[in-house]
Amino acid sequence: MTDKKQTDENKLIAERRRKLEALREQGNAFPNNFRRNALADELQKMYGARENESFEAEAVEVAVAGRMLVKRDFGKANFIKLQDRSGQIQIRVERDRLPDGVYAAFKKWDVGDIVGASGALFKTNTGELTVRADEIRLLTKSLRPLPEKFHGLADQEIRYRQRYVDLIMNDESRDVFRKRSAIVQYIRAFLDAQNFLEVETPMMQTTPGGAIARPFMTHHNALDMELYLRIAPELNLKRLIVGGFDRVYEINRSFRNEGVSTQHNPEFTMLELYRAYADYEDLIDMVEALLRGMSDAITGSTKLTYQGEEFDFAKPFARTTVEDVILRFNPDIEKAKLRDRDYLAASCEQLGIPVNNGFGVGKLQIEIFEKTVEDNLRQPTFVTQYPTEVSPLSRKNDADPFLTDRFEFFVAGRELANGFSELNDAEEQAERFRAQAEYRAAGDDEAMAFDHDYIRALEYGMPPTAGIGVGIDRLVMLFTDSPSIRDVLLFPHMRPEVFD
RNA sequence: GGGGCGUUAGCUCAGAGGUAGAGCAUUCGGCUUUUAACCGACUGGUCGUAGGUUCGAUCCCUACACGCCCCA
């Protein structure tokens, strides 16, 4: 414990501490024996349409509890509002209905305090469903004042750092995280219905693999060894396919030691799933069905608006290939020279893309694709046939080994999913790892490490399989119209706050 | 890593080279059907941090911290 004084102590907090001190002197200041029997929103749904006569004919007694967010004092009576997880309910507090002393104590309570109240429902003159309190209790004293009632909490930094205050004050914020939960539940139900097995695989790995990214490193003290936080669960999930669980998925965190932006958080959530005896086209169909159903289930519509732009999930999603879509958005590039390294390198120079000597045709294509195409993929679009050079875990296309049976899925210019038919030829996979090791030796510290155990697993035989990764955070951004990934993470990564 | 913008009362925000303002909240008083309740009175600040320029800086300059946005 620190004996340093917190910097943000102020008169308002001091006043509330005095009130808490008085409560302590009167007995237990933190009681936990009040029980509610109703939620605000349930009451609104069940009784909101009733007239006062019906309450007079048959009294409805309820007990509610929540945070007091509104207090309107009329002298000998008050209107207050309590907010629980479902919504808000108004309470009328009248001096003359309460036991001696209760009302006088209540007058000292503050907005932000946690309160329990019980009594009968009625409708006010303005038609608002209200509980007329026969009992009211302070359950938890709040020491810190809440933001101003009308403008609420607007400061982005406080909204992210003190998410608890954001959640108290902002309905929209609570809504985002309810939708996030609904999206994940929808995915689980969708996959469970197809007999996928949900699994958990290690986040701490000795060899990070399954993606092209820089890992976080950590240290195990007892074993005195370096460990990496996973950049993807991919290789372990495919080990499970080898083991015979031929439909598996995992929804959990991966970690990438890269920049932070509106699209990137160092830890983020992915769905990865693997399905044996299926190819990438089966998964394209699956993603399309999943998203169409999800859109309908989450928003009630197959059309959704993101940052002012409308996206139609009812229409069949567009499908194109990397090479076709490069030509579409780069009319100057000659189709016949799409696999001419010198030509592509010159195109990159023109586009201001730095070219490394180690880049092959495939890498150059992808650089051009990322620079000139991605932003333009607005409506839901599958892009297929990624170069083998940039797809070290993907199965080569039977007709054209320059390409793999791989796709990425884009909406609003953002990659939401990446999937492919899996490379299950152990010897070819070893070859691909060796190529990656050469890139690594040449200075590419994102290149994949050679994973000997993964090769051994493939040598036992992995059935023909397809797999996909879906970025859950970006999906939630899309469905909640959130401009920043931080808006869909309860506790986004921030630089540490300084307390002195 | 580079650029732009921001940081003033608990919150939302004004403000100007000459010692700091509003609304809400708090405190006190009034009010038994309000909806940002209302009426009256009073409080409340190291103007992000550290330097510099100046008779004087919260305002101008520099650096740093934190945040937001854009670019790599």
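When you scan the stretch A:421-500 for helices (runs of 4 or more DSSP H) that lie fully inside it, which ones turn up with 3 or more residues that are within 16 Å of RNA strand B (Cβ to nearest atom) and in contact (Cβ under 8 Å) with a residue 12 or more places away in the chain?
Of the helices (runs of 4 or more DSSP H) lying wholly inside the stretch A:421-500, those with at least 3 residues that are within 16 Å of RNA strand B (Cβ to nearest atom) and in contact (Cβ under 8 Å) with a residue 12 or more places away in the chain span A:472-480.
What's the total number of residues in the stretch A:124-137 that are touching a residue at least 24 places away in the same chain (Cβ under 8 Å), over 28 Å from A:L167 (Cα atoms) and either of a type in the set (V, I, T) or touching an Asp or Glu at 6+ places or on another chain (Cβ under 7 Å) (or both)? Full working, then the answer.
Restricting attention to the stretch A:124-137, the residues satisfying the condition of being touching a residue at least 24 places away in the same chain (Cβ under 8 Å) are A:124, A:128-137.
From what's left, over 28 Å from A:L167 (Cα atoms): A:124, A:134.
Add one more test, that the residue is either of a type in the set (V, I, T) or touching an Asp or Glu at 6+ places or on another chain (Cβ under 7 Å) (or both), and what stays is A:124.
The number of residues fulfilling the criteria is 1.
Per-residue answers, yes or no, for (1) more than 23 Å from A:R474 (Cα to Cα); (2) open to solvent by less than 70 Å² (accessible area, probe 1.4 Å); (3) touching a Phe, Trp or Tyr at 6+ places or on another chain (Cβ under 6 Å):
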{"position": "A:M204", "(1), (2), (3)": "yes, no, no"}
{"position": "A:T207", "(1), (2), (3)": "yes, yes, no"}
{"position": "A:N221", "(1), (2), (3)": "yes, no, no"}
{"position": "A:A232", "(1), (2), (3)": "no, yes, no"}
{"position": "A:L271", "(1), (2), (3)": "no, yes, no"}
{"position": "A:I284", "(1), (2), (3)": "no, yes, yes"}
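Only residues that are in contact with a strand residue (DSSP E or B) (Cβ under 7 Å, 6 or more places away or on another chain) and within 6 Å of RNA strand B (Cβ to nearest atom): list them for the stretch A:77-110, please.
Hits for the stretch A:77-110 are A:A77, A:F79, A:Q90, A:E94, A:R95.
Yes/no per residue for (1) among the acidic types (D, E); (2) surrounded by fewer than 15 Cβ atoms within 10 Å (Cβ to Cβ):
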| site | (1), (2) |
| --- | --- |
| A:A346 | no, yes |
| A:E349 | yes, yes |
| A:V355 | no, no |
| A:V361 | no, no |
| A:F369 | no, no |
| A:R395 | no, no |
| A:D400 | yes, yes |
| A:L403 | no, no |
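Of the residues A:R414, A:R406, A:R395, A:R378, which is within 30 Å of A:Y277 (Cα to Cα) and within 16 Å of RNA strand B (Cβ to nearest atom)?
Details: A:R406 fails: within 16 Å of RNA strand B (Cβ to nearest atom); A:R395 fails: within 16 Å of RNA strand B (Cβ to nearest atom); A:R378 fails: within 30 Å of A:Y277 (Cα to Cα).
Answer to the check: A:R414.
Mind checking which residues of the stretch A:9-35 are within 16 Å of RNA strand B (Cβ to nearest atom) and open to solvent by less than 70 Å² (accessible area, probe 1.4 Å)?
Across the stretch A:9-35, the qualifying residues are A:E9, A:N10, A:I13, A:A14, A:R16, A:K19, A:L20, A:A22, A:L23.
Sort out which residues of the stretch A:36-54 are without any contact (Cβ under 8 Å) to a residue 40 or more places away in the chain and open to solvent by 90 Å² or more (accessible area, probe 1.4 Å), and write them in order of number.
Scanning the stretch A:36-54 gives A:N37, A:K45, A:M46, A:A49, A:E53.
With the requirement that a residue be within 26 Å of A:K238 (Cα to Cα) and without any contact (Cβ under 8 Å) to a residue 24 or more places away in the chain, what does the stretch A:290-316 give you?
None; the set is empty.
Table: residues versus (1) modelled with pLDDT under 95; (2) in contact with a Gly (Cβ under 7 Å, 6 or more places away or on another chain); (3) among the hydrophobic types (A, V, I, L, M, F, W, C); (4) under 30 Å from A:A457 (Cα atoms).
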| residue | (1), (2), (3), (4) |
| --- | --- |
| A:Y160 | no, no, no, no |
| A:R188 | no, no, no, yes |
| A:G210 | yes, no, no, yes |
| A:R230 | no, no, no, yes |
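Filter the helices (runs of 4 or more DSSP H) completely within the stretch A:138-234 down to those with at least 3 residues that are more than 16 Å from RNA strand B (Cβ to nearest atom).
Of the helices (runs of 4 or more DSSP H) lying wholly inside the stretch A:138-234, those with at least 3 residues that are more than 16 Å from RNA strand B (Cβ to nearest atom) span A:171-192.
Scan the stretch A:111-137 for residues that are in contact with a strand residue (DSSP E or B) (Cβ under 8 Å, 6 or more places away or on another chain) and either assigned to a loop (DSSP other than H, G, I, E, B) or outside the structural domain of A:E15 (by TED's automatic domain parsing) (or both) and report the count.
The qualifying residues number 5.
Filtering the stretch A:286-315 down to residues that are out of contact with any Phe, Trp or Tyr (no Cβ under 9 Å at 6 or more places or on another chain) and part of a strand (DSSP E or B), which residue is most open to solvent (accessible area, probe 1.4 Å)?
Looking at residues that are out of contact with any Phe, Trp or Tyr (no Cβ under 9 Å at 6 or more places or on another chain) and part of a strand (DSSP E or B), I get A:E310.
Being closer than 24 Å to A:A22 by Cβ and open to solvent by less than 50 Å² (accessible area, probe 1.4 Å) is the requirement here; does A:I136 meet it?
When the stated conditions are applied, A:I136 passes them.
Is there any pair with a first residue in the stretch A:334-345 that is touching a residue at least 60 places away in the same chain (Cβ under 8 Å) and a second that is open to solvent by less than 60 Å² (accessible area, probe 1.4 Å) and in a loop (DSSP other than H, G, I, E, B) whose Cβ atoms are under 8 Å apart and which are 6 or more apart or on different chains, and what are they?
Final answer for the pair search is A:R339/A:F402.
For the stretch A:105-133, give me each residue that is small (G, A, S) and open to solvent by 50 Å² or more (accessible area, probe 1.4 Å).
Within the stretch A:105-133, no residue meets the criteria.
State yes or no: is A:Q365 under 30 Å from A:T305 (Cβ atoms), touching a residue at least 12 places away in the same chain (Cβ under 8 Å) and open to solvent by less than 70 Å² (accessible area, probe 1.4 Å)? Show your work before the answer.
On the way: under 30 Å from A:T305 (Cβ atoms): no; touching a residue at least 12 places away in the same chain (Cβ under 8 Å): yes; open to solvent by less than 70 Å² (accessible area, probe 1.4 Å): yes.
Considered against the rule, which asks whether it is under 30 Å from A:T305 (Cβ atoms), touching a residue at least 12 places away in the same chain (Cβ under 8 Å) and open to solvent by less than 70 Å² (accessible area, probe 1.4 Å), A:Q365 comes out as no.
From the list A:A426, A:A412, A:A435, which one is among the small types (G, A, S), under 23 Å from A:E288 (Cα atoms) and surrounded by fewer than 20 Cβ atoms within 10 Å (Cβ to Cβ)?
A:A412
The values are calculated or read from the model by the stated rules, or taken from the named source; none is laboratory data. As the structure is a prediction and not an experimental result, all values here were calculated from the model. Using ideal geometry, Cβ is built from the backbone for each residue, glycine included, and neighbour counts are taken over all protein chains shown. The protein model used for the area step is the full one, side chains on, heavy atoms only, and it has no ligands, DNA or RNA in it. Shrake-Rupley method; radii C 1.70, N 1.55, O 1.52, S 1.80 Å.
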